[in-house]
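Contents: one structure, followed by commentary.
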Amino acid sequence: MTMKTLKRILHIAGNDLRIMVSDKVYFFWSLAFPVLFIVLFGLLYKGGGNGPAVAELTVVNRDQGRWGAYFLEKVKSPGVEIKAVDEEPEAYNRLLVLPADFSAKIEARAAQSLALKKREDASTEAAARVEARLFQAIARVISELVLYGEGDLLKFWDGHPEFRELVRVKTRFPENTVTVVPGGFDHSIPGATVQFIMMMVMIYGGVTVMEDRKKGVMGRMLFSPLSTGGLFQAKLLGRWAMGMIQALILFVVGKVFFKLDLGNVRLSLLVIAVFALAMAALSVFIGSLVGKEDLIIGLAVLLANVFAALGGCWWPIEVVPAGVRQAGMISPAYWAMDALHKLRFFQGDFAAILPHLGVLLGLSAVLSGLAARYFKIRD
Amino acid sequence: MLEIKSLTKSYGDVLALDHFSLELKKGEVLGLLGPNGAGKTTLISILAGSLRDFTGGVSFLGKDLFSDRSLKNRMGIVPQDMAFYEELNAADNLLFWGGLYDVPRADLKKRAAEILEMVELSGRSKEPVKNFSGGMKRRLNTAIGLLHKPDLLLLDEPTVGIDVQAKVSILDLIRKVGAAGTGVIFTTHQLAEVEDTCSRIAIMDRGRILAQGTLVELIRLVGEKDIVEITGEFAAAAFSEALVDLDGDGVELLSASDNQAALAVSDTDRIPKILDRLFRRKLAVTDLKIKTPNLEAVFLKLTGRSLRD
């Protein structure tokens with residue numbers, strides 16, 4: 001591809017984009033309407049699913065002895081971050097207070113109770129994670145005390161590092177058991193984004209391809225030195241860019257107004273980019289095959305809603321029965337949403353979403369091939 | 001500049017172009033006249049690169065038109081469809097369409113302003129095109145084809161569906177473009193348009209050129225004669241007798257009555273001779289009208305049907 005060809009492709013794609021985004025109706029359906037979905041489904045599924053990746057635990061350590069600090073070292077983990085403060089604060093998510101006689105009671109082998117407080121609207125999932133970690137730490141300290149009695153435990157560890165982790169809690173569930181239910185805005189924003197990329201790219205992308213064909217606009221473009229292949233790439237690029245811009249704006253709105261956390265922004269954008277490419281190809285394909293605006297809109301709304309529901313855009317796919325989850329795999333939205341959930345809620349990395357990217361890339365290739373094969377420039 | 005050699009194109013059993021050949025020189029304005037279905041749009045579509053599966057060849061500026069894509073930078077094409085973006089204004093449309101050709105961005109803005117002036121749209125260049133009248137849209141459609149200063153301009157029925165004022169404006173533009181050195185081919189089925197605008201006319205039907213030349217040449221080509229109507233003071237018999245020896249020498253007596261007669265002459269050069277014969281016989285002539293035969297008659301004679309059929 002020469003520079004001149006690339007310039008022409010970018011010129012056409014940029015013009016398509018400019019026309020689309022300058023349409024007020026497009027603005028409403030692409031950006032304002034999805035925000036309604038974000039709020040609706042974000043609030044609806046806020047319940048246990050919006051826990052942060054690392055649960056913060058505010059600790060007031062009033063202990064006069066050495067066991068308080070020792071115990072807190074046991075509580076620390078990659079999923080629990082301890083925030084030490086001197087006085088009990090007014091605002092906290094989760095709070096643990098170690099009393100002044102914490103060490104004294106341990107050494108006296110006297111019973112004591114610790115209170116873990118949770119702010120009413122803080123994540124229950126995070127509180128449960130902290131609670132489990134506390135039980136784990138208590139079990140360890142008790143085990144150590146039983147095993148080593150009155151000896152100097154810290155000195156003992158130096159010679160016996162293999163005994164450092166006496167108590168380990170390993171969670172074992174059957175395969176595919178859902179241990180975390182995504183929810184809240186971190187679910188609803190990507191959900192609405194994926195759904196409305198599907199709907200709006202198909203509608204606007206498809207209708208404009210159809211109109212440009214019927215009005216002879218695409219035919220006229222080929223009077224220039226541009227090739228048919230170049231024109232196809234320009235149309236594909238314009239529609240892909242439309243989906244990406246829509247996603248970027250929704251993510252920014254989500255970040256500013258709903259504290260959106262995508263887990264891994266770059267990989268999330270990569271998922272959206274590949275998904276938008278598949279939808280761009282589908283829109284060119286539909287725009288080439290269908291000759292009526294109403295039909296394109298009807299088809300796009302139907303497909304986008306069915307795919308959104310099956311793919312987990314409205315409700316987390318993790319809450320539906322396994323059979324329905326498997327059926328959802330026919331939806332392109334499933335692969336995008338599942339990859340986004342892996343990145344945000346399941347500490348997934350590039351390797352975790354590789355199969356999803358593969359499926360979406362394959363789908364993009366197939367749809368692009370079909371769109372290119374049936375790309376119609378004139379009626 | 002442009003040489004079309006034996007172009008043949010079929011749609012199924014229908015022959016749209018039948019060994020069509022044509023040459024066009026720089027600055028020449030050629031009107032391609034023909035009824036609907038004559039093959040005019042097919043020809044333009046092939047030249048524009050929109051149609052494939054044809055035989056024959058086209059040489060443009062000494063190169064094969066279809067093997068060198070960069071030649072499209074030297075061609076401007078104005079399709080029948082109003083093919084532009086109605087959502088954009090006229091200036092933005094020109095900048096968009098001009099951007100598809102190899103015209104530097106700075107030159108493009110200047111050229112767009114010039115073209116808008118030429119087509120008398122500069123006053124409304126910032127208004128969305130969807131608010132334009134049909135005539136204004138046609139002018140914009142034409143302007144887009146001219147923006148990159150092509151050597152060859154192809155216009156497919158550029159005056160369809162517009163008012164007289166807009167039509168005059170577009171035809172005037174075509175004349176100016178030709179005068180500036182651009183070769184122009186425009187298709188139409190409006191006789192008056194080619195008569196007034198073109199330096200050469202080709203009459204086309206059923207995919208072939210039936211005749212071509214200047215208006216005068218065309219009329220002569222088919223043996224059409226000027227009609228001379230004479231009014232005076234004479235008897236029909238005397239009038240006929242005075243001209244009897246000119247019959248067959250380019251003069252044909254069509255009708256003669258007392259004080260009025262009509263003749264067909266192959267050339268208006270014959271008129272002094274006719275008057276001389278009448279004066280010698282003391283036949284008074286008070287009025288003489290020459291009616292040039294029109295293209296409609298030529299077309300009728302060539303195709304056996306009216307252009308409007």
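What are the residues in region B:61-74 that are under 30 Å from B:Glu120 (Cβ atoms) and at the interface with another protein chain (Cβ under 7 Å from one of its Cβ atoms), if any?
B:Lys72, B:Asn73
Looking at B:Gly183, B:Gly123, B:Gly161, B:Gly145, which one is under 28 Å from A:His11 (Cα atoms), away from every other protein chain (no Cβ under 12 Å), out of contact with any His (no Cβ under 9 Å at 6 or more places or on another chain) and among the small types (Gly, Ala, Ser)?
B:Gly123
Regarding A:Ser22, is this residue hydroxyl-bearing (Ser, Thr, Tyr) and assigned by TED's automatic domain parsing to the domain that holds A:Leu248?
yes
Looking only at residues in region A:74-113 that are farther than 12 Å from A:Leu57 by Cβ and of a type in the set (A, V, I, L, M, F, W, C), which one is nearest to the chain's Cα centre (by Cα)?
It comes out as A:Ala91.
Yes/no matrix, rows are residues, columns are (1) more than 14 Å from every other protein chain (Cβ to nearest Cβ); (2) surrounded by 22 or more Cβ atoms within 10 Å (Cβ to Cβ); (3) under 38 Å from the mean Cα position of the chain (by Cα):
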| residue | (1), (2), (3) |
| --- | --- |
| A:Met202 | yes, yes, yes |
| A:Asp212 | no, yes, yes |
| A:Leu226 | no, yes, no |
| A:Leu236 | yes, yes, yes |
| A:Met244 | yes, no, yes |
| A:Ala247 | yes, yes, yes |
| A:Phe251 | yes, no, yes |
| A:Val256 | yes, no, yes |
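Answer yes or no as to whether A:Val194 is at pLDDT below 90 and in contact with a Pro (Cβ under 9 Å, 6 or more places away or on another chain).
no
If you scan region B:224-263, which residues turn out to be free of Cβ contacts under 8 Å to residues at least 60 places away in the same chain and buried (at least 17 other Cβ atoms within 10 Å of the Cβ)?
Within region B:224-263, B:Ile230, B:Phe234, B:Phe239, B:Ala242, B:Leu243, B:Leu246, B:Val251, B:Ala256, B:Ala261, B:Leu263 qualify.
In region A:14-33, which residues are within 12 Å of another protein chain (Cβ to nearest Cβ), small (Gly, Ala, Ser) and loosely packed, with under 15 Cβ neighbours inside 10 Å?
A:Ser22 - this is the single residue of region A:14-33 that is within 12 Å of another protein chain (Cβ to nearest Cβ), small (Gly, Ala, Ser) and loosely packed, with under 15 Cβ neighbours inside 10 Å.
Does B:Asp64 satisfy being of a type in the set (Asp, Glu) and either more than 21 Å from A:Phe223 (Cα to Cα) or surrounded by 14 or more Cβ atoms within 10 Å (Cβ to Cβ) (or both)?
For B:Asp64, the condition - of a type in the set (Asp, Glu) and either more than 21 Å from A:Phe223 (Cα to Cα) or surrounded by 14 or more Cβ atoms within 10 Å (Cβ to Cβ) (or both) - is not met.
All but one of (1) surrounded by fewer than 20 Cβ atoms within 10 Å (Cβ to Cβ); (2) within 14 Å of chain B (Cβ to nearest Cβ) hold for A:Gly263; state the number of the condition that does not hold.
Every listed condition holds for A:Gly263 apart from (2).
Just a yes or no: is a residue in region B:52-60 crowded, with 18+ Cβ neighbours inside 10 Å and either part of a loop (DSSP other than H, G, I, E, B) or within 13 Å of chain A (Cβ to nearest Cβ) (or both)?
yes
Could you look through region B:75-119, keep only residues that are part of a loop (DSSP other than H, G, I, E, B) and over 21 Å from A:Gly219 (Cβ atoms), and pick out the one that is farthest from the other protein chains (Cβ to nearest Cβ)?
Among residues in region B:75-119 that are part of a loop (DSSP other than H, G, I, E, B) and over 21 Å from A:Gly219 (Cβ atoms), the one farthest from the other protein chains (Cβ to nearest Cβ) is B:Val119.
Every residue in region B:270-301 that is touching a residue at least 12 places away in the same chain (Cβ under 8 Å), among the charged types (D, E, K, R) and not in a loop (DSSP other than H, G, I, E, B), please.
B:Arg270, B:Lys273, B:Arg277, B:Arg280, B:Asp287, B:Lys289, B:Lys291, B:Glu296, B:Lys301
Search region B:94-122 for residues being of a type in the set (Val, Ile, Thr) and in contact (Cβ under 8 Å) with a residue 40 or more places away in the chain, and hand back the single one that is farthest from A:Met20 (Cα to Cα).
Selected residue: B:Val119.
How many residues does region B:171-216 hold that are over 19 Å from B:Val78 (Cβ atoms) and over 14 Å from the mean Cα position of the chain (by Cα)?
Total satisfying the criteria: 5.
Here are some residues: B:Lys9, B:Lys63, B:Lys40. Which one is assigned by TED's automatic domain parsing to the domain that holds B:Thr187 and touching a Phe, Trp or Tyr at 6+ places or on another chain (Cβ under 8 Å)?
Result: B:Lys9 is the single residue among B:Lys9, B:Lys63, B:Lys40 that is assigned by TED's automatic domain parsing to the domain that holds B:Thr187 and touching a Phe, Trp or Tyr at 6+ places or on another chain (Cβ under 8 Å).
Hey, which of the helices (runs of 4 or more DSSP H) in region A:1-65, taking only ones fully inside, have at least 3 residues that are touching a Phe, Trp or Tyr at 6+ places or on another chain (Cβ under 9 Å) and at pLDDT below 85?
Once the helices (runs of 4 or more DSSP H) in region A:1-65 are filtered for at least 3 residues that are touching a Phe, Trp or Tyr at 6+ places or on another chain (Cβ under 9 Å) and at pLDDT below 85, what remains is A:33-44.
I'm trying to understand the selection: among the residues of region B:2-27, which are under 21 Å from the mean Cα position of the chain (by Cα) and surrounded by 18 or more Cβ atoms within 10 Å (Cβ to Cβ)?
Passing the criteria: B:Leu2, B:Ile4, B:Leu7, B:Ala16, B:Leu17, B:Phe20, B:Leu22, B:Leu24.
Which of the following residues is in contact with a His (Cβ under 8 Å, 6 or more places away or on another chain), in the same structural domain as B:Asp205 (by TED's automatic domain parsing) and at pLDDT 90 or above: B:Gly57, B:Gly99?
Every option except B:Gly99 fails the conditions.
Looking only at residues in region B:169-218 that are crowded, with 20+ Cβ neighbours inside 10 Å, modelled with pLDDT of 90 or more and among the small types (Gly, Ala, Ser), which one is farthest from B:Thr142 (Cα to Cα)?
Applying the filter and picking the extreme gives B:Gly207.
Would you list the helices (runs of 4 or more DSSP H) that sit entirely within region A:315-379 and hold 3 or more residues that are of a type outside the set (D, E, K, R) and farther than 23 Å from A:Leu43 by Cα?
Where helices (runs of 4 or more DSSP H) fall fully within region A:315-379 and carry at least 3 residues being of a type outside the set (D, E, K, R) and farther than 23 Å from A:Leu43 by Cα, they are A:322-327, A:350-373.
Considering B:Ala91, B:Ala83, which residue is in contact (Cβ under 8 Å) with a residue 12 or more places away in the chain, aliphatic (A, V, I, L, M) and under 17 Å from B:Ile170 (Cβ atoms)?
Answer to the check: B:Ala83.
Take A:Leu295 and decide whether it is more than 14 Å from every other protein chain (Cβ to nearest Cβ), under 24 Å from A:Gly362 (Cα atoms) and not hydroxyl-bearing (Ser, Thr, Tyr).
No.
The values are calculated or read from the model by the stated rules, or taken from the named source; none is laboratory data. Predicted model only: the values in this text are computed from it and were never measured. For neighbour counting, all protein chains shown are included, and Cβ atoms are generated from backbone atoms with ideal geometry for every residue, glycine included.
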